[in-house]
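The block underneath contains the structure these notes are about, expressed in structure tokens.
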Amino acid sequence: MAEPMKIRATMAGDVADIKVLMNHIMETGTRKDAKTGQLVPAHHITNITATVGGKTVLDAEIGGAVSKNPYLGFKVKGAKAGDKVTVSWVDNKGDKNSADATVA
Amino acid sequence: MNHQRRTVLKGVGSAAAVGVAVAAGLLKPTAAFAGDRSAFDAKGLDAAMKAIKATGAAESKDITVKAPDIAENGAVVPVEITSNIAGTESIAILAEKNASPMVGEFNLSNGAQGFISTRIKLANTSNVRAVVKAGSKMYTATKEVKVTIGGCGG
């Protein structure tokens, strides 16, 4: 599922403000299908890793309670314009995705 | 046609990037698939707090939980956590009244600030709780969000 992921990284003073928008259905596994009454199987991102300039800055574990198409914002001190930002995720079915951006 | 070719190339590129990340040990396959996810299965706030070893965390005024007072749609509730505690290592977000309160845990390192902004699902009107780990201590703060339409489809 290589749907695009959007990353925006901008410097504000000496802190990089990084915003990531992922594309994922984020199914909790507790919702019932309106037509069949069957539970919709869980399908959500479980781990997100972000690196800036090759160093891990964020390592997150999330569950199905994060909204569909997850948004994630975080701030990194000591990053510089031109640093490479990489964000990757893995979901509970083993699907994964990764994207790069450059701090502007 | 050109556009399609681009998409294909992009797909190949990102798959390769994941491969590199795994090789470099950034995405540990074991942690990614077989990690301790008991906190996410925990039912009820007490069990979830216990699972993340945050039982008895001290209330702190240095943590700000920014969320709307009233959320019309519980499926998408913007939440911003700011921790001004020095040496913040991780921020966990819990939705107290959800069947499984654990929303996520964010480990910060290498200059990442005590700040996380995301969007979460709330089953009904509930406190949104942030748990911050700094040093070996746990701190916590809450903010109540009133929900008009629940977001867990129940």
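The values are calculated or read from the model by the stated rules, or taken from the named source; none is laboratory data. Since we're looking at a predicted model, the values are computed, not measured. Counting neighbours? That spans all protein chains shown, and the Cβs are built from the backbone with ideal geometry, glycine included. Surface areas here come from the heavy atoms of the whole protein model, side chains and all, with no ligands, DNA or RNA. Shrake-Rupley method; radii C 1.70, N 1.55, O 1.52, S 1.80 Å.
In a simple Cβ point-charge model (Lys, Arg +1; Asp, Glu -1; nothing else charged), region B:38-149 has a dipole of about 100 debye relative to its Cα centre. Neighbours of B:K137, meaning other residues whose beta-carbon lies under 14 angstrom from its beta-carbon, give a summed charge of -1 when Lys and Arg score +1 and Asp and Glu score -1. B:M138 contributes about 40 Å² of solvent-accessible surface, heavy atoms of the protein only, 1.4 Å probe. Among the lysines of region B:72-154, pairs at least eight places apart or on separate chains and with Cα atoms under 14 Å apart come to 4.
Using Cα positions and a limit of under 18 Å, work out the aspartates and glutamates in reach of A:K35, with same-chain residues fewer than 8 apart set aside. Counting by Cα, and skipping residues close in sequence, A:K35 has these aspartates and glutamates nearby: A:E27.
Hey, could you get me the Stokes-Einstein D for region B:38-149, Kirkwood radius over alpha-carbon pairs, 25 °C and 0.890 mPa s, rounded to whole µm² s⁻¹? Answer, rounded: 178 µm²/s. Across region A:91-97, coupling constants 3J(HN,Hα) worked out from phi with the 6.51/-1.76/1.60 Karplus curve, θ = phi - 60°, read 10, 6, 9, x, 5, 9, 8 Hz, and Gly and Pro carry x. Each residue, A:A12 and B:D69, gets one label point 7 Å from its Cα in the Cβ direction; the gap between the two is 2.4 nm.
Scaled to the globular estimate 2.2 N^0.38 Å, the Cα spread of chain A, given as radius of gyration, is 1.21.
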